[in-house]
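Below is one structure, written out as structure tokens; comments come after it.
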């Protein structure tokens, strides 16, 4: 398994050379080095994954070096390769390699290309370290590494204030989740006296029913540990409550959105829960919390996606919603279904993000869908690949015949939730079906606004105006009707002025490859992920009873996702193609509901009121009254005042006359002799 060393450390070496060499080695060598390293890692990862699919591979651990030996705390740096790792290897390296290639075209005019590609490769290395971890400390190293790389990539355009603010927000919100993750790791070591993941998972069932002191109370040991670890997953995977950083992260370049916020980093939480699934299985409370949080996130994010105008934000909230599906699948014990959706989602969501980047590239970096329309004839290849991604995410398929990727993985999750028989599983199923309806609506809404209707991009002056960020920030659905009726002062045919253009082949080729995964990944691999217990080889907790129960659910349960998918499609078609004035009428009728959803349930405003403003107030108090008023006043400033006053009195003594100094010396001598005589 020496190939695993190349897979993991190849991107790191490329990142170091490209990052330190930077402009000294030039754009092209940096891009060739980093992209080549990722395609090599990808080429070596797929045979490992396919060998597990074929059942010919066994789990193994490749030692790298001795790391820490301190008392009872001992752990080495080692790379674990099992089924779960193999899945993540192909997801990470495939998407990252294609994103590197895509970035050749998308970032072609950027002056800091070596730095960008070095950051991409550094992120990939950190993510690979996370998924190959054999102990919790090594996992935490990768966990924090992807957080660092995410911060660097979101704020890559550091001269842009909104990008810097988004990077800081992502970093701070993730630190909240990481505090829980750290406490979970500390507690796990306290209980099990080891950080080795295999040893912890083997001993976990024996700790069921035990208690531990936490916050002055005696609580169930495994519930406390699992919930603390899950808080970390909530931050990294943008679950409800710690989700606010994800939409703002769209300020980074679009390839970053595809790599980090669609296919890899945001799935780290799902991977961690599945990796530690034997731990979570020992606590019904923890499983219930995971289910409720996942189901709530799934529904919540989908509602917001129906109102957004920024094409990348729609897809970002879609990502948040799909992660909710993965978590409530894990919460009901269907870890195989959760990983299956993670696998298929990586292909179609990366495809949608990169496809959106192709649209943005064609529209001179305009991201507002109200200024799109009728683009399918202008950028036909981008249209067809985004159509494949849309068919995959909405779960289009014919039962027993063929379906796109999401048809198999999303349906498996919903069937598992229903088959679990628990109350939280039933609620998750219901919210999942409603979210599938909303997913279909906002996905087809995106397609219709972008590729159908009247061309609303005709005024080239507006496009240039928008490039510099000065276009009007319209926030009402009625604006769409206005822009739809007259194409920004264009000609009568709506095509005067600016004309969009198709992206270069270096951007289109990754889209075509990802579209193959979006179309066929579910059909090809469903048997291995869902029905073949031998495929997992103990890498996760495999609930055979639940897997069998999934096949016994009523027919209406199996048909529900398809029915709501068609309903969402028809609603979107009726609202944006057949009767474009309908959305404005809906907003006029339900203005408060629209404002609530458009403003993202006011989470940002709530957090600003509860946390940000008090934190700034406290900071100002400590600065003005504490630092300046007390510390500076009686510290540096006070000492400086005392020295200044003393120097003024000393100046009066320093007259410059010899007889004055002789007198002072004589008085000093008399005083010294007197003191000796008195003694």
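Is it true that some residue in region 541-559 is under 26 Å from the mean Cα position of the chain (by Cα), more than 22 Å from residue 80 (Cβ to Cβ) and assigned by TED's automatic domain parsing to the domain that holds residue 351? Working first, answer last.
Step one: list which residues in region 541-559 are under 26 Å from the mean Cα position of the chain (by Cα), which gives 541.
If we keep only those that are more than 22 Å from residue 80 (Cβ to Cβ) too, we end up with none.
Looking for residues that are under 26 Å from the mean Cα position of the chain (by Cα), more than 22 Å from residue 80 (Cβ to Cβ) and assigned by TED's automatic domain parsing to the domain that holds residue 351, one finds none in region 541-559, hence no.
Filter region 399-434 down to residues that are over 21 Å from residue 305 (Cα atoms) and touching a strand residue (DSSP E or B) at 6+ places or on another chain (Cβ under 8 Å) and give me whichever is modelled with the lowest pLDDT. So, considering only residues that are over 21 Å from residue 305 (Cα atoms) and touching a strand residue (DSSP E or B) at 6+ places or on another chain (Cβ under 8 Å), the one modelled with the lowest pLDDT is 403. Given the condition within 27 Å of the chain's Cα centre (by Cα), modelled with pLDDT of 85 or more and in a loop (DSSP other than H, G, I, E, B), answer yes or no: does some residue in region 435-449 qualify? No, there is no match, as no residue in region 435-449 is within 27 Å of the chain's Cα centre (by Cα), modelled with pLDDT of 85 or more and in a loop (DSSP other than H, G, I, E, B).
Taking the condition assigned to a loop (DSSP other than H, G, I, E, B) and either closer than 30 Å to residue 583 by Cα or modelled with pLDDT of 90 or more (or both), does residue 483 pass? Spelling it out, it is not the case that residue 483 is assigned to a loop (DSSP other than H, G, I, E, B) and either closer than 30 Å to residue 583 by Cα or modelled with pLDDT of 90 or more (or both). Residue 614 falls short on exactly one of the conditions (1) exposed (fewer than 14 other Cβ atoms within 10 Å of the Cβ); (2) more than 30 Å from residue 169 (Cα to Cα), and that condition is (2). Counting only helices (runs of 4 or more DSSP H) that fall entirely inside region 218-286 and contain at least 1 residues that are under 23 Å from residue 422 (Cα atoms) and in contact with a strand residue (DSSP E or B) (Cβ under 6 Å, 6 or more places away or on another chain), the qualifying elements are 221-236. Report yes if residue 89 is touching a helix residue (DSSP H, G or I) at 6+ places or on another chain (Cβ under 6 Å) and touching a residue at least 60 places away in the same chain (Cβ under 8 Å), otherwise no. Spelling it out, residue 89 is indeed touching a helix residue (DSSP H, G or I) at 6+ places or on another chain (Cβ under 6 Å) and touching a residue at least 60 places away in the same chain (Cβ under 8 Å). Determine whether region 109-129 contains at least one residue that is in contact with a helix residue (DSSP H, G or I) (Cβ under 7 Å, 6 or more places away or on another chain), surrounded by fewer than 20 Cβ atoms within 10 Å (Cβ to Cβ) and under 22 Å from residue 26 (Cβ atoms). Yes; the residues of region 109-129 include at least one that is in contact with a helix residue (DSSP H, G or I) (Cβ under 7 Å, 6 or more places away or on another chain), surrounded by fewer than 20 Cβ atoms within 10 Å (Cβ to Cβ) and under 22 Å from residue 26 (Cβ atoms). Entry remark, region 546-568: residues being buried (at least 21 other Cβ atoms within 10 Å of the Cβ) and under 15 Å from residue 433 (Cβ atoms) number 5 in total. Return a yes/no flag: does region 230-248 have any residue that is crowded, with 23+ Cβ neighbours inside 10 Å and either in the same structural domain as residue 511 (by TED's automatic domain parsing) or farther than 26 Å from residue 602 by Cα (or both). No - not one qualifying residue is present in region 230-248. Number of residues in region 77-102 that are over 19 Å from the mean Cα position of the chain (by Cα) and either surrounded by fewer than 17 Cβ atoms within 10 Å (Cβ to Cβ) or closer than 30 Å to residue 502 by Cα (or both) equals 2. In region 170-186, is there at least one residue being farther than 27 Å from residue 112 by Cβ and free of Cβ contacts under 8 Å to residues at least 12 places away in the same chain? So far as region 170-186 goes, yes, one or more of its residues are farther than 27 Å from residue 112 by Cβ and free of Cβ contacts under 8 Å to residues at least 12 places away in the same chain.
With the requirement that a residue be assigned to a loop (DSSP other than H, G, I, E, B) and at negative phi, what does region 70-89 give you?
Restricting attention to region 70-89, the residues satisfying the condition of being assigned to a loop (DSSP other than H, G, I, E, B) are 71-72, 82.
72, 82, listed by residue number.
You will find that of 193, 138, the residue that is over 29 Å from residue 254 (Cβ atoms) and buried (at least 19 other Cβ atoms within 10 Å of the Cβ) is 138 and no other.
The values are calculated or read from the model by the stated rules, or taken from the named source; none is laboratory data. Keep in mind it's a predicted model, so treat the numbers as computed, not measured. Because the Cβ atoms are built from the backbone with ideal geometry, glycine has one as well, and the counts that use them run over all protein chains shown.
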